[in-house]
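The values are calculated or read from the model by the stated rules, or taken from the named source; none is laboratory data. Given the structure is predicted, the values throughout are model-derived calculations rather than measurements. All Cβ positions, glycine included, derive from the backbone under ideal geometry; neighbour counts span all protein chains shown.
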Amino acid sequence: MSARWNALLLWLACAACGPGPDSGSVQGLEILLSRAYVDRLGSFQVSILAGADGLDREAVEKTCVTSQAVTYVQQVDGSGQKVKARTFEASVAGGQQELKLAGIPFGREYLFVVEALSSDEPAVLLGSGSARVLTFQGDLRPVPLTVGALAPAPACDPRIR
Amino acid sequence: MMPPSRIPLCVLLACAPVPALGAPAPRAVDVPLAQAGPTGRALEQAQAQLDAGEFDEAVRTLQGALGEPDLTDAQLVELYRLLGLAQLYLGNEDRAREAYEKLLQARPDYELPRGAPPKVARLYERIREDIRKQRVRPVKLELEPLQDAEGGNPVELTVQVENLALGSRPTLYYRRAGTETFGSAGFKRVPDAPELYRVTVPAWELPAEKARYEVEYYVEVADAARRRLAGRGDAFNPLRFSVRPPGMAGREDDEEGRWYANPWVWVGIGAGVAAAGAGVALLLGQQQTGTATLTVRVQ
């Protein structure tokens, strides 16, 4: 086999073994939390809803996502399992925290919903915010998303299982 | 004078014998709905056990009966009434409270029998007062949306309903996308799983066709007056699932399946070309999902 043929095969092998399937990026979110409930904050719950065109953002933010008729886009959690929502422990003591979401399908417009859950047991919904995000855009500037306070907390169980 | 053959019908009817005034009419047998069928026997047995002071046995009998499917509301009321009573006699206030919470949803005015011991009566009054002060627990409905189905097969949907009041029922409404009216099917309790309900959309409602089609559906829990207590989706914003032709594995295979189904496509493709194809496919595949960075700030 000629050296040129070997080089071609090597290039193909390298191409096939390239970066993993989750190497792309998605437009980021800049989430602004209300100071009103930060003291009670226990975790963030991030869900991605399909059919953003047909969803009323104001209605979605008024109560728990769990009590609404929505279609979840499955994400991938830290152990590689597909889940409806990711929950992150809140640690914004320094005023800022970074979260990473993986396994978000490209090419459609989604509604990202961030729910602020209390540290109580069971947790209650302290605030909710949402933003429409078109994944795989060329311009990757963060989309602003404000998680407004809900007072009193709606009578619903916010935990997405 | 009117001849006998021309007597009006009303006169004849007025002169007809009245059963109530003559011989005693046969008495209708009044069988309470709650006593019909196997559950009725369980109720009789539990009542006898209560009368005999066998409270533990009565609880076992009643819990067994509560696990039976397709209980009527009248049967549920009776079962919870006796269960609450048995638990009260056993001194299990928490369990009695659970039973009476369910009973009082349907029978808010339920009173203990007059002969109940004062201690039990006081306990019952305290439970009832506590329940009155509590807010009514909201009905909660959980379901896993239906996935794509193969045409010509039934589709089963299981939902979890918490705090379902007596007299309330979960119902599935469904229609083929593009049609106007929804059909409906009532959920039935899953045996031995008090909060799980299941319904089956029959195969003939989901015929196998050459092309994929969509079915819209929603689930609603309504009380006896048809008031919606909980739901997922509604007639204006229904959920959806696809019905695919038989033999088609999934949505993504619609187009590619034809390629794979034709063996001649692969004839003439050598190992080197296949390797190149695999490399390109992987390069394209890596763009299917991505990672987002979320920056959280306190304002």
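For (1) modelled with pLDDT of 85 or more; (2) within 14 Å of chain A (Cβ to nearest Cβ), each residue gets a yes or a no:
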{"position": "B:R107", "(1), (2)": "no, no"}
{"position": "B:K133", "(1), (2)": "no, no"}
{"position": "B:G151", "(1), (2)": "yes, no"}
{"position": "B:E162", "(1), (2)": "no, yes"}
{"position": "B:D192", "(1), (2)": "no, no"}
{"position": "B:V199", "(1), (2)": "yes, no"}
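For residues that are surrounded by 13 or more Cβ atoms within 10 Å (Cβ to Cβ) and farther than 22 Å from B:Y100 by Cα, tally how many sit in the range B:154-169.
So the count comes out to 4.
Could you name every one of the strands (runs of 3 or more DSSP E) located completely within the range B:137-178 that has at least 1 residues being touching a Phe, Trp or Tyr at 6+ places or on another chain (Cβ under 7 Å)?
Strands (runs of 3 or more DSSP E) meeting the threshold: B:155-162, B:169-176.
Could you tell me which of the residues A:L33, A:L125, A:L117, A:L49 is at pLDDT 80 or above and facing chain B (nearest Cβ under 9 Å)?
Being at pLDDT 80 or above and facing chain B (nearest Cβ under 9 Å) holds for just one of A:L33, A:L125, A:L117, A:L49, which is A:L33.
So A:G94 ticks every box in (1) more than 30 Å from B:G231 (Cα to Cα); (2) at pLDDT 80 or above; (3) out of contact with any Gly (no Cβ under 9 Å at 6 or more places or on another chain); (4) not polar (S, T, N, Q) but one. Which box is left unticked?
Single failed check for A:G94: (2).
Enumerate the pairs (first residue in the range A:25-40 and under 23 Å from A:V124 (Cα atoms); second residue anywhere and surrounded by 21 or more Cβ atoms within 10 Å (Cβ to Cβ) and modelled with pLDDT under 85) with beta-carbon separation below 7 Å, excluding pairs fewer than 6 apart on the same chain, so at least 6 apart or on different chains.
Hits for this filter: A:I31/B:L294.
A quick yes/no check of all residues on (1) modelled with pLDDT of 75 or more; (2) closer than 30 Å to B:V139 by Cβ; (3) away from chain B (no Cβ under 11 Å); (4) crowded, with 17+ Cβ neighbours inside 10 Å:
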| position | (1), (2), (3), (4) |
| --- | --- |
| A:A3 | no, no, yes, no |
| A:A13 | no, no, no, no |
| A:A16 | no, no, no, no |
| A:D22 | no, no, no, no |
| A:L29 | yes, no, no, yes |
| A:D53 | no, yes, yes, no |
| A:V60 | yes, yes, yes, yes |
| A:C64 | yes, yes, no, yes |
| A:G80 | yes, no, yes, no |
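Do you know which of the residues in the range A:138-147 that are loosely packed, with under 15 Cβ neighbours inside 10 Å and either of a type in the set (D, E) or within 18 Å of A:L49 (Cα to Cα) (or both) is modelled with the lowest pLDDT?
Among residues in the range A:138-147 that are loosely packed, with under 15 Cβ neighbours inside 10 Å and either of a type in the set (D, E) or within 18 Å of A:L49 (Cα to Cα) (or both), the one modelled with the lowest pLDDT is A:D139.
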